[in-house]
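One structure below.
The values are calculated or read from the model by the stated rules, or taken from the named source; none is laboratory data. On a predicted model such as this, the values are computed, not experimentally measured, just so you know.
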Amino acid sequence: MRLLDFCGDVNAYKRIIFTINIEIHCSTCGALMVYHACYEVTYKSNEIITKIIILRYKCKKCNVTHALKPEFLASRHQYDTFQRQKYILQYNDISKGPISLRRLCCKLFPSLPVSHTVMYYWVRVVTTKKAVIEPLITKEIQEYSPSCDISSELLPEAEAIPSWIRNKEYSKDVTKIINWSRIYIRTTAAFRDNKISDLNIRPFIYINRILDILTAHVFL
């Protein structure tokens, strides 16, 4: 799976997906990948439920294939990435007072029925993702700054948990992933040049981009 910034709107995506020029290289051998196939998935948000086409590309050299997913439908979820991320972040923010999964769902998804099992998965899956993400980010930081001792210089900052975070492990894992992402963005010139200003509002979009750079193909 590869996550690409086609466009931010599902309707625009549906209009351009078969006309856009895509140049993507294999993460295994570096060879140019070519169109291989496509398949249909369901996209769900508060505004619309619709079918969209996902392209699949194949490496001509080593035969590896990747689905090219738009940012608004990252990973294997049917639900809009940004609305799902907003849900996770608000559920983990107890500064706004205690709130249940169902009550928050009614607030953020008023016109879209989401099962309790799905919501619970959203907030708990981050623990599994963190085990994959953290070593990749720290490895990349070390390569960018070989003179930096990650354990002594960066670990305390990455492990810092604000007082408003819920006393639950998955909430702490969310915070640690975001902290490591902040450090990574600060370390790499490519992200500094982009002048990112909304990390606090939409942190997971940048984590997805980090993972794409690291060729991890694991998305929140």
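Would you pick out the residues in region 150-173 that are of a type in the set (A, V, I, L, M) and either modelled with pLDDT under 80 or assigned to a strand (DSSP E or B) (or both)?
Here is the first cut: in region 150-173, the ones of a type in the set (A, V, I, L, M) are 150, 154-155, 158, 160-161, 165.
The one that is of a type in the set (A, V, I, L, M) and either modelled with pLDDT under 80 or assigned to a strand (DSSP E or B) (or both): Ile165.
Filter region 152-180 down to the residues that are charged (D, E, K, R) and closer than 16 Å to Gln85 by Cα and list them by number. Let's see the steps before the verdict.
To start, the set of residues in region 152-180 that are charged (D, E, K, R) comprises 153, 157, 159, 166, 168-169, 172-173, 176.
Listed by number, the residues that qualify are Lys172, Asp173, Lys176.
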